[in-house]
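The values are calculated or read from the model by the stated rules, or taken from the named source; none is laboratory data. All figures in this text were calculated on a predicted structure; none of them were measured in a lab. Cβ placement follows ideal geometry from the backbone for every residue including glycine, while neighbour counts extend to all protein chains displayed. Protein only, heavy atoms only, side chains kept; ligands, DNA and RNA dropped before computing areas. Shrake-Rupley method; radii C 1.70, N 1.55, O 1.52, S 1.80 Å.
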Amino acid sequence: MSPIVDHTSLFSLVFSILVVSRLCLIEAQKGGFSVEIIHRDSPKSPLYNPSETTSTRVTNALRRSFNRVHRFKQASVSTKEAQPDITASSSSGEYLMSISIGTPPFDIAAIADTGSDIIWTQCKPCSQCFNQDAPLFDPTQSSTYTTLPCSASQCRNLDGNSCSSDNSCQYSISYGDNSFSNGDLATDTITLASTNGRPVAIPNTVIGCGHNNDGTFDEKTSGIIGLGGGDVSLISQLGESIGGKFSYCLLPQEGESSKMNFGSNAIVSGNGTVSTPLTKKSPDTFYFLTLEAISVGSNRIKFTGSSLGTDEGNIIIDSGTTLTLLPEDFYSELESAVASQIQAKTVPGPKGLNLCYEAKTDFAVPDITIHFTGADVKLQPLNTFVLVSDTVACFTFSPDPDFAIYGNLAQMNFLVGYDTEKQTVSFKPTDCSKNSVARIFIGLNLLKNAILSLIFYSLIQ
């Protein structure tokens, strides 16, 4: 005898489960969530090259750091009148994030960049695209994709916008290395794969659908996820749903996945936490802090400022720059103070790293404390010296003629939290390996199995 199927009951059952699933998504966003970010040189990264030596990876990271600071300089001096396109700090970064765009979700891997705002990916049809291994996003296959008209506020407020013949808004973003992306400004649903197994869907997110893109982008990636302070960044668009809060805990290059937190998950508090004000400056993409001094042991060296200013907002904190870069005169004082307290043999290092030592045996590193306004951040040896080969360790600070960036090596093993509503950045010493991400999607798997089991059970009754 054929089984009798109660289609009404079956529909009600599936609908109920889908409602529960949707509530899980809302709750994940409301209560805070975390996502995986992967260093480009991690074995988990699609950009990982197992044939590269430590020295090669360090050299490449140095090159990216120095290129990036030049792009920061360009962006910090450009104005809307002088530069019609959006100018971002870099077309490359140090960390990757996976997100999904559209309905049904289409997976992409992109550079997570605190020095950019717009979220964009390569799209079909592509008049000019850089080589990309993964398929291109096809907006016609997404039921939630909508191009924005030129009259939309998101278009009017965007630097580098233009209007096409069909009255749709066009974006244009350029990078300091002559990389660029041009295309349609649109809205679609973005889905983030939360580390607790509950994906977080963000409807009506402004994105760039790039039809004309080229430059130094890597074929293993699909675009950029802007995490800056501008209006169209992921952080700003999440807005009230995360209370303006995000944080990260960065592991060394060879480590497992790091974690980026949003909302209540991003609150940095407890023993050892220190906080410093964010300073609002132009361009609003970047996160400006105020550096007052750096101490080497008991020797406190006053910071007299950079091209960003002599008082408030004189240094940019950036997760995409490897080194900490300081104006030459100040760096020279800092280097002398550090060198005076190290008893080890100096050796040549890679170009750009001035202070290097033979590391065949361990050597003592002096205590170095970064004095931001209201926050003294005591660094550990892993923040101040990096192995550039099996036998050479170098100081992770480097001189620049006049610019200042607080890079990601100085942020390793700190929980770094941004609160864009209170305008603060907080630092808490943390063993980030204990916060590393294991890709587990137990919640989704249980949900999927529950649906299948209940459908099967209904069919056999």
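Summarise the long-distance tail of P(r) for segment 300-357 by giving the % of C-alpha pairs beyond 20 Å.
Details: 618 of 1653 pairs.
In whole percent, the share of Cα-Cα pairs in segment 300-357 beyond 20 Å is 37.
Taking all protein chains as present, what is the carbon and sulfur share of the accessible area of segment 300-400, in % to the nearest whole number, probe 1.4 Å?
Numbers: 2050 of 4480 Å².
Answer for segment 300-400: carbon and sulfur cover 46 percent of the accessible area.
At 1.4 Å probe size, with the rest of the protein present, what percent of the exposed accessible area of segment 134-290 is carbon and sulfur atoms? Intermediate values should be presented prior to the final figure.
Numbers: 2670 of 5870 Å².
Roughly 45 percent of what the probe reaches on segment 134-290 is carbon or sulfur.
Applying the Karplus parametrisation 6.51 cos²θ - 1.76 cosθ + 1.60 with θ = phi - 60° to the phi angles of segment 148-160, what ³J(HN,Hα) value in whole Hz is obtained for each residue in order, glycine and proline being reported as x?
For segment 148-160, the Karplus-derived couplings read 8, x, 5, 7, 5, 4, 4, 6, 5, 8, 9, 5, x Hz, x marking Gly and Pro.
How many Å³ per residue does the convex hull of the Cα positions in segment 323-411 occupy? Don't skip to the answer; put the middle values down first.
Working: hull volume 8.4 nm³, N = 89.
Cα-based convex hull of segment 323-411, divided per residue, equals 95 Å³.
Among 127-136, 38-47, what's the highest-first ranking by average C-beta atoms within 10 angstrom per residue?
Values: 127-136: 14.3, 38-47: 18.9.
Packing proxy ranking, top to bottom: 38-47, 127-136.
P(r) of segment 201-281 in 5 Å steps, Cα pairs, percent per bin?
3, 10, 15, 20, 20, 15, 11, 4, 1, 0
What does the extension gain come out to for Asn204 and Ala339, with contour length at 0.36 nm per residue minus their alpha carbon separation?
Values: separation 135, 0.36 × 135 = 48.60 nm, distance 5.35 nm.
The span from Asn204 to Ala339 would gain 43.2 nm if fully extended.
Can you order the peptides 194-200, 143-149 by their average number of other Cβ atoms within 10 Å per residue, highest first?
On the way: 194-200: 21.6, 143-149: 16.7.
The densest-packed peptide leads the list: 194-200, 143-149.
Write down the accessible area per residue of segment 246-403 in Å², having rolled a 1.4 Å probe over the full set of protein chains. Please report the intermediate quantities before stating the final value.
Details: 6690 Å² over 158 residues.
About 42 Å² of surface per residue is accessible.
Based on alpha-carbon centroids, what's the gap between segment 271-307 and segment 206-227 in Å, whole number please?
Taking the Cα centre of segment 206-227 as reference, the centre of segment 271-307 is 31 Å away.
Mind computing the radius of gyration and Dmax over the alpha-carbon atoms of segment 263-374? Å is fine for both.
Reported Rg and Dmax, both Å: 16.5, 47.
Where Rh denotes the Kirkwood radius from the mean inverse Cα pair distance, what is Rg over Rh for segment 346-395? If you can, show how the numbers build up before the last one.
Numbers: Rg = 12.6 Å, Rh = 11.9 Å.
When Rh is taken as the Kirkwood radius, the ratio is 1.05.
Take the Cβ-Cβ distance between Ser51 and Leu387 as r, set R0 to 22 Å, and report the resulting FRET efficiency rounded to the nearest 0.05. Walk me through the numbers on the way to the answer.
On the way: r = 19 Å, r/R0 = 0.85.
The value I calculate is 0.75.
In whole Å, what three semi-axes, largest first, describe the equivalent ellipsoid of segment 128-220 built from its Cα gyration tensor (square root of 5 times each eigenvalue)?
After diagonalising the Cα gyration tensor, the semi-axes are 22, 20, 13 Å.
Could you work out how much longer the chain between Lys434 and Asp329 gets when fully extended? Use 0.36 nm per residue separation minus the Cα distance between them, nm to one decimal.
On the way: separation 105, 0.36 × 105 = 37.80 nm, distance 3.86 nm.
The Lys434-Asp329 span can extend by a further 33.9 nm.
Write down, largest first, the equivalent ellipsoid semi-axes of segment 114-268 in whole Å, where each equals the square root of 5 times an eigenvalue of the alpha-carbon gyration tensor.
Working: eigenvalues 136, 76, 47 Å².
Largest first, segment 114-268 gives 26, 19, 15 Å.
Would you list which aspartates and glutamates come within 12 Å of Lys434, measuring only between C-alpha atoms, while excluding same-chain residues fewer than 8 positions from it?
Glu256
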